[in-house]
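Written out below as structure tokens is the structure these notes cover.
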Amino acid sequence: MFRANGYYADLQGGYLFSEIARRVASYQKQHPGADIIRMGIGDVTRPLAPCVITALHNAVNEMADAASFRGYGPEQGYDFLREAIVAADYRARGISITPDEVFVSDGAKCDVGNIQELFGRDTVVALMDPVYPVYADTNVMTGRAGKYNKEEGGYENIVYLPCTAQNGFVPDLPKRPADVIYLCYPNNPTGMTITRAQLKAFVEYALENKALLLYDSAYEIFIGDPDAPHSVFEIEGANRCAIEFRSLSKTAGFTGVRCAYAVVPKALRCRDDNGGDVSLHDMWFRRQSTRFNGVPYITQRGAEAIFSEEGRKQILEIAAYYMQNARIICQSMQKAGYTVYGGLNAPYIWLQTPGGDSWAFFDELLNTKQIVGTPGAGFGKAGEGYFRMTAFASRENTLRAMERICGQA
Ligand code: MLT
């Protein structure tokens, strides 16, 4: 009889956002008239920018005509999109990345989950704590995390990097050797960011220890602090020790359209089993061309539009709308006596839960105010005692939510 992948049994409960959706659906069933305000999963609510809509319509028309119809696209994404990405997100910032180092995909979540297929089973992984659950769960699924230790509140083979109020939610360098280090800045879930000096320390650690940084900068458009790095490749030497993940989900409202990209530099080398070294770029190309048929042409044309001058202006306006929500949440919660973090360089607000237990706070908020957030414990042990709210709701719902929780907005 065929056998299941036993490592799935090591996962702790369901995927965080599915579990929240389950609890909310159950509440809604018991209270059919309840007017629930959703500030849990970071899903966008503003429509696509006008430039994207025009580009999508034009691409649909092209697909209707035999002369301009497209079938399978190039494995890494169309040149027009990869060139636009490099020009706007890298060259404009003085960063030397070439279009053939960019891999267009259908989501950063898929990329960060899939990338660890390239690493040996005995690779030691370091994770920030709290952490976006995909980094942890995908390593559990492949058996790299080991067993879950309930007393310790973590997996035995994972090196945890606690992010606390004391360290400004930027972890110290790993105390135990780590081969692959996941970093996410601006951070999900804490909404905090990292300085160039702090990021440089991680790059130097990775170069010295022949480790790899997996840098998730899906929220970079929300950076307000001029000193915060937008890309790991702003740091010298990062092209020899880092892969970067970017997403259009939050950047341009593509959560339902699906487009992202990973930058895998050609200079990045990895030790192989025979004592030689291999190119991670070549391995990722091999992996993607085997398992993935690319992002639809129509979507890539829509994505291209945001990298034009006009497109950039339009998406920055939408990002500013969400960041105004973030300010409203921070100010209202602070006035009401809550201790809050984040919300300045990312659309997430990380607040301390009165009484500590974050799932209890989740239930209380849902039951008494009909508001959904995300309990910090769902992001790991160091997330307990915190609660995440997103700034992605509409302005109206953000104001209504603050009135319900704080008595004013
Ligand atoms: C979140 O709420 O953390 C994100 O929306 C989840 C995701 O991007 O997959």
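The numbers here are math on the coordinates, done by the rules we state, and not lab data. The structure displayed is predicted, hence computed values, not measured ones. Note that each Cβ is placed from the backbone with ideal geometry, even for glycine, and that neighbours are counted across all protein chains shown.
At a 10 Å Cβ-Cβ cut-off, how would you order Met1, Met402, fewest neighbours first?
So the ranking, lowest neighbour count to highest, is Met1, Met402.
Evaluate the relative contact order of the chain (contact order divided by residue number), counting alpha-carbon pairs under 8 angstrom at least 6 apart; express in whole percent.
With pairs under 8 Å counted, the relative contact order is 23 percent.
Give me the extension gain from Asp65 to Tyr27: residue separation times 0.36 nm, minus the current Cα-Cα distance, reported in nm with one decimal.
8.8 nm
Please find the FRET efficiency linking Gln324 to Gln12, where r is the Cβ-Cβ separation and R0 is fixed at 41 Å, and quote it to the nearest 0.05.
The value I calculate is 0.70.
Mind jotting down the distance between the C-alpha centroids of the range 127-164 and the range 190-233, whole Å?
Answer, in whole Å: 21.
Rounded to whole Å, give me the distance from the Cα center of the range 1-62 to that of the range 276-347.
17 Å
Run through all the Cα pairs of the chain and give the fraction in each 10 Å bin from 0, expressed as whole percent.
5, 22, 31, 27, 13, 2, 0
What does the extension gain come out to for Ala201 and Asp35, with contour length at 0.36 nm per residue minus their alpha carbon separation?
Stretched fully, the Ala201-Asp35 segment lengthens by 55.1 nm.
Quote the convex hull volume per residue of the range 148-255, based on C-alpha atoms, as a whole number of Å³.
121 Å³
State the three equivalent ellipsoid semi-axes of the range 1-63, derived from the C-alpha gyration tensor as the square roots of 5 times its eigenvalues, in descending order and whole Å.
35, 26, 11
Exceeding 30 Å between C-alpha atoms, which entries from my cross-link table qualify? They are Lys200/Lys335; Lys147/Lys266; Lys200/Lys266; Lys335/Lys369; Lys210/Lys313; Lys150/Lys200.
Those over the limit are Lys200/Lys335; Lys147/Lys266; Lys210/Lys313; Lys150/Lys200.
Using the per-residue mean of other Cβ atoms lying within 10 Å as a proxy for protection, in what order, highest first, do the peptides 320-333, 93-106, 286-299 fall?
The peptides rank, most packed first, as 320-333, 93-106, 286-299.
Can you work out the PRE-style zone for Arg46? Point 7 Å along Cα to Cβ, and I want the residues of the range 226-261 with backbone N under 18 Å.
247-259
Net charge within 10 Å of Asp357 by Cβ-Cβ distance, Lys/Arg positive one each and Asp/Glu negative one each, not counting Asp357 itself?
-3
Say R0 is 35 Å: what FRET efficiency, to the nearest 0.05, do Glu310 and Lys266 get from their beta-carbon distance?
0.65
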